[in-house]
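The values are calculated or read from the model by the stated rules, or taken from the named source; none is laboratory data. Bear in mind the structure is a predicted one, so any value in this text is a computation, not a measurement. Cβ atoms come from the backbone with ideal geometry, glycine included; neighbour counts cover every protein chain shown. Note: areas computed on protein heavy atoms with side chains; ligands, DNA, RNA excluded. Shrake-Rupley method; radii C 1.70, N 1.55, O 1.52, S 1.80 Å.
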Amino acid sequence: MIGRLGNTIAAIATPIGEGAISVIRVSGESAIYKVDSRFKGRQSLSKAKSQTAHFGRIINNQNEIIDEIICTIYRAPKSFTGEDTVEISCHGGIHVTRRVLECILETGVRPAEPGEFTQRAFLNGKLDLSQAEAIADLIQARSDKARQTSLDQLEGAISRQIHVVREKLMQSLGLLELELDFSEEGIALIDKKKVENLFELGISEIDHLLKTYKYGKVCREGVRVALIGAPNVGKSSLLNVMLKENRAIVTDVPGTTRDFIEEKMTIEGVLFRMTDTAGLRETEDTVEKEGVYKTWKVIQRSDIIVLVHDNTKTIAKDELNLLETINKEKRKELIIANNKIDLQTERNPLKGIPEETLVVETSALDNTGIERLKETLFKKVFNQTQAENNESVIITNERHYSALLSAKQSLVSALDSLKNGESEEFVAVDLRAAVDSLGEIIGIVTTEDILNNIFSKFCIGK
Ligand SMILES: Nc1nc2c(ncn2[C@@H]2O[C@H](COP(=O)(O)OP(=O)(O)OP(=O)(O)O)[C@@H](O)[C@H]2O)c(=O)[nH]1
Ligand SMILES: [Mg+2]
């Protein structure tokens with residue numbers, strides 16, 4: 001992909017479907033000239049100034065008028081890709097958009113590959129790698145928090161922070177390497193204690209960033225919540241009242257929900273992926289059995305489990321066992337929704353549950369405790385990550401996280417070597433590795449594999 005920079009490329013940049021307008025992007029050395037050869041308007045595009053829009057008609061190689069369009073001209077380097085670019089706005093039908101694209105491709109312009117526009121922006125120095133990744137995240141953002149963290153990343157918050165840490169390490173590396181050059185003469189250029197302090201500072205700064213990842217992941221991907229429990233306790237009813245719509249079927253027949261149902265909702269700008277599941281019980285019904293099996297799968301992949309209990313009944317042995325199993329999983333949060341509190345209560349319906357268990361009293365019938373349940377869900381995630389909540393830089397991307405992790409490991413090993421008085425060569429090798437890992441995040445150090453892997457996940461036209 002990289003070797004072909006310079007070719008002119010084109011793609012539809014808007015989703016395929018009917019809309020008021022579609023946009024076709026054309027970028028590369030001959031973009032303006034090629035589009036101009038198919039454009040009929042008051043002024044030739046080749047003479048047009050940058051950042052100007054031109055109304056006209058687009059024609060094919062048979063001189064047939066295909067559509068009325070507006071071309072926006074961007075001249076290099078003042079464009080998204082850094083190259084000459086034309087954005088053609090045409091009428092937004094599937095057929096007409098394809099025909100307009102065809103007119104451009106007929107001139108020898110090549111169809112763009114996924115992410116190729118953004119890749120060009122990166123290769124032309126308009127964006128660094130973490131900013132390029134932020135574009136994909138911003139487009140995919142499904143909540144306000146996700147949008148906010150991607151936008152910060154796009155605006156260079158992560159890049160700046162990484163640059164700062166990396167620069168400091170580079171200075172130590174420079175000194176170390178210089179000292180290595182003079183080692184024969186026995187000249188000591190560096191103050192060991194000072195370098196140790198610098199490494200320690202670097203480790204703590206990286207640690208700081210690593211810690212924001214848990215919060216970042218939640219912002220980006222949302223929180224997975226499973227509503228589980230015995231049949232007929234009101235799981236589907238609770239899902240419906242939380243969503244404020246009749247999404248799941250509710251009946252008084254135990255075993256109503258067979259397959260799990262997934263729906264998204266936001267609480268204070270954070271995405272929660274709610275899953276209603278089939279009630280857990282021993283059953284001979286083949287379909288229900290499959291549903292129960294799937295419930296276990298949902299439990300495994302959820303961050304928070306809401307065990308729904310029917311408060312008119314004393315908690316059963318099966319429910320207590322379930323609680324114990326979930327509690328064993330340290331990474332899962334648990335809430336009990338003690339439901340149907342509008343009905344006559346059993347005297348001590350939750351007898352035997354561990355003392356520290358969080359219980360929210362609810363009634364899906366008259367809406368009692370629903371806001372409290374939502375608030376509790378939110379707090380389960382955000383109380384623990386509150387410190388990171390106010391951070392300006394938040395790591396959301398797994399690639400960044402693992403690069404930071406390996407930078408930290410290299411730095412710890414460099415510090416160990418230094419403290420143990422090992423050869424400075426060892427220290428320098430580890431330090432170089434740490435600097436390179438940080439460079440990978442912003443794309444200073446990259447391989448073609450890394451790039452292809454990132455940009456191929458984009459869709460065409462991005
Ligand atoms: N009084 C009262 N009835 C409720 C409440 N929540 C649910 N119900 C009733 O309980 C019955 C079962 O509700 P569902 O929401 O289908 O229960 P479920 O846990 O999804 O059941 P399965 O899908 O069979 O596992 C229905 O008749 C609901 O109307 C509540 O808070 N109070
Ligand atoms: Mg149900």
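Selection over region 110-120 of residues that are open to solvent by 30 Å² or more (accessible area, probe 1.4 Å) and either in a helix (DSSP H, G or I) or not basic (K, R) (or both) gives a count of 3.
When region 281-297 is limited to residues that are within 13 Å of ligand 2 (Cβ to nearest atom) and open to solvent by less than 30 Å² (accessible area, probe 1.4 Å), the one that is farthest from F382 (Cα to Cα) turns out to be E288. The residues of region 398-420 that are of a type in the set (K, R) and more than 27 Å from the chain's Cα centre (by Cα) amount to a single one, K419. Of everything in region 121-146 that is within 23 Å of R273 (Cα to Cα) and in a loop (DSSP other than H, G, I, E, B), the residue that is most open to solvent (accessible area, probe 1.4 Å) is R142.
Scanning region 84-106 for residues that are open to solvent by less than 10 Å² (accessible area, probe 1.4 Å) and of a type in the set (A, V, I, L, M, F, W, C) yields a total of 6.
Considering region 7-29 alone, what residues qualify as being surrounded by fewer than 21 Cβ atoms within 10 Å (Cβ to Cβ) and in contact (Cβ under 8 Å) with a residue 12 or more places away in the chain? Full working, then the answer.
Initially, region 7-29 is screened for residues surrounded by fewer than 21 Cβ atoms within 10 Å (Cβ to Cβ), giving 7, 13-21, 23, 29.
Passing the criteria: N7, A13, T14, I16, G17, E18, G19, A20, I21, V23, E29.
Among the residues of region 252-268 satisfying the criterion of being open to solvent by 20 Å² or more (accessible area, probe 1.4 Å) and touching a residue at least 40 places away in the same chain (Cβ under 8 Å), which is nearest to ligand 2 (Cβ to nearest atom)? Within region 252-268, the match that is nearest to ligand 2 (Cβ to nearest atom) is K264. Screening region 313-335 for residues that are aliphatic (A, V, I, L, M) and touching a helix residue (DSSP H, G or I) at 6+ places or on another chain (Cβ under 8 Å) and picking the one that is surrounded by the fewest Cβ atoms within 10 Å (Cβ to Cβ) gives I326. If you go through region 47-66 one residue at a time, do you hit one that is open to solvent by 60 Å² or more (accessible area, probe 1.4 Å) and among the acidic types (D, E)? Within region 47-66, one or more residues are open to solvent by 60 Å² or more (accessible area, probe 1.4 Å) and among the acidic types (D, E). Within region 223-251, being more than 11 Å from ligand 2 (Cβ to nearest atom), open to solvent by 10 Å² or more (accessible area, probe 1.4 Å) and either touching a Phe, Trp or Tyr at 6+ places or on another chain (Cβ under 7 Å) or charged (D, E, K, R) (or both) holds for R224, K244, E245.
Cβ-Cβ contacts under 8 Å between residues 6 or more apart (or on different chains), taken from a first residue in region 346-366 that is among the basic types (K, R) to a second residue that is open to solvent by 40 Å² or more (accessible area, probe 1.4 Å), are listed as K351/T314.
In region 147-161, the qualifying residues are those that are part of a helix (DSSP H, G or I) and not polar (S, T, N, Q), and the one that is nearest to the chain's Cα centre (by Cα) is R147.
Of the numbered criteria (1) within 14 Å of ligand 2 (Cβ to nearest atom); (2) open to solvent by less than 60 Å² (accessible area, probe 1.4 Å), the one I203 fails is (1).
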